[in-house]
Amino acid sequence: MQKVLLAVDRLSTWLGQLFAWAIVGLTVLISWEVFSRYVLGKPHGWMLDAQIMLYGVLFMMAGAYTLSKNGHVRGDVLYGFFRPRTQATLDLILYILFFLPGVFALTWAGWRYFGESLAIRETTFNADPIPVYPFKFFIPFAGGILLLQGFVEIARCIICLRDGEWPSREQDVEEVDVEKLKAMVHADDAVVNPAEPGGALAMPPAEKGNL
C-alpha cells in the first residue's frame with residue numbers, strides 16, 4: 001500500500017515540477033510582448049489571452065502537487081497540538097464532506113465544459129483569436145489528478161487511525177529549517193564573550209586547538 005501511495009505522490013510531484021516550467025514560458029511571453037509593443041511597435045492581440053491561459057494551467061496543475069506535499073494552507077492554531085489520530089479523524093471527515101464532492105464536481109463539470117468547447121472549436125474574441133479548448137482540457141485533467149491525490153490522502157488518514165502515526169510521503173523542496181541551518185554552520189559552538197571588544201565571538205578552547 002505504501003508503495004502505491006508514494007507512486008501517486010511521485011506522479012503529482014513530477015507533474016507539478018513539469019508544469020512549473022510554465023512560469024518560464026510566462027516570463028518569455030511577457031518580456032517579448034513588452035519588447036515588441038514598445039520597441040518594435042507591433043503588439044499582438046492574442047498575447048494577453050495566452051498569458052492568462054498559461055497562468056491558469058500553472059495554477060491548476062499546482063493543486064495535486066501541493067496536496068502531495070501537505071502544503072495547502074490550513075488554520076492549524078489548534079490542529080498542530082492534536083495527536084495524529086485526532087488530526088487524521090478531522091482530515092478524513094473534511095475530505096469526505098467537502099473535498100471529494102467539490103473536486104468531483106469540478107472534474108465532471110470541467111469535462112463537459114471542455115467537450116462543449118472542443119465541439120465548436122471555441123476561440124478567443126479578439127483581432128487575433130487563438131483556440132480556447134486546449135486550455136479548458138486542463139480543468140478536468142487537473143481535477144482528476146487532484147482527485148487521485150485526494151484518495152491517497154484519505155488512505156493516509158485511515159493508516160494513521162490504524163497505526164497512530166502518519167505514514168511517510170514523497171519529499172521535495174522544503175522551507176529552510178533554522179535549527180538544521182544552525183547545526184550545519186555549528187552556530188551553537190560559537191560563544192559570545194562580552195569581555196572582548198564589541199562582544200566578539202569566542203570559540204571554546206577545544207575548538208581553538210583545532211584551528
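Between Ile158 and Arg74, what is the spin-label point distance in nm, taking each point 7 Å from the Cα along the Cα→C-beta axis?
Between Ile158 and Arg74, the label points sit 1.9 nm apart.
Pull out the extension gain between Arg37 and Thr89, defined as 0.36 nm times the separation in residues minus the alpha carbon to alpha carbon distance; nm, one decimal.
Extending this stretch completely gives an extra 13.2 nm.
Could you give the length gained on full extension between Trp46 and Ile96, defined as 0.36 nm per residue of separation minus the Cα-Cα distance, in nm?
Taking 0.36 nm per residue and subtracting the Cα distance, the gain is 13.9 nm.
With the Cα gyration tensor of the stretch 2-163 in hand, convert its eigenvalues to equivalent ellipsoid semi-axes via √(5λ) and list them largest first in whole Å.
So the equivalent ellipsoid measures 38, 19, 13 Å along its semi-axes.
Rg/Rh for the stretch 30-120: what does it come to with C-alpha atoms and Rh from Kirkwood?
On the Cα set of the stretch 30-120, Rg over Rh gives 1.20.
Strictly greater than 15 Å: what percent of every Cα pair in the stretch 38-82 meets that?
Looking at the stretch 38-82, the distances longer than 15 Å represent 67 percent of pairs.
Computed from the coordinates by the stated procedures, all read-outs in this text should not be read as laboratory data. Since we're looking at a predicted model, the values are computed, not measured. For neighbour counting, all protein chains shown are included, and Cβ atoms are generated from backbone atoms with ideal geometry for every residue, glycine included.
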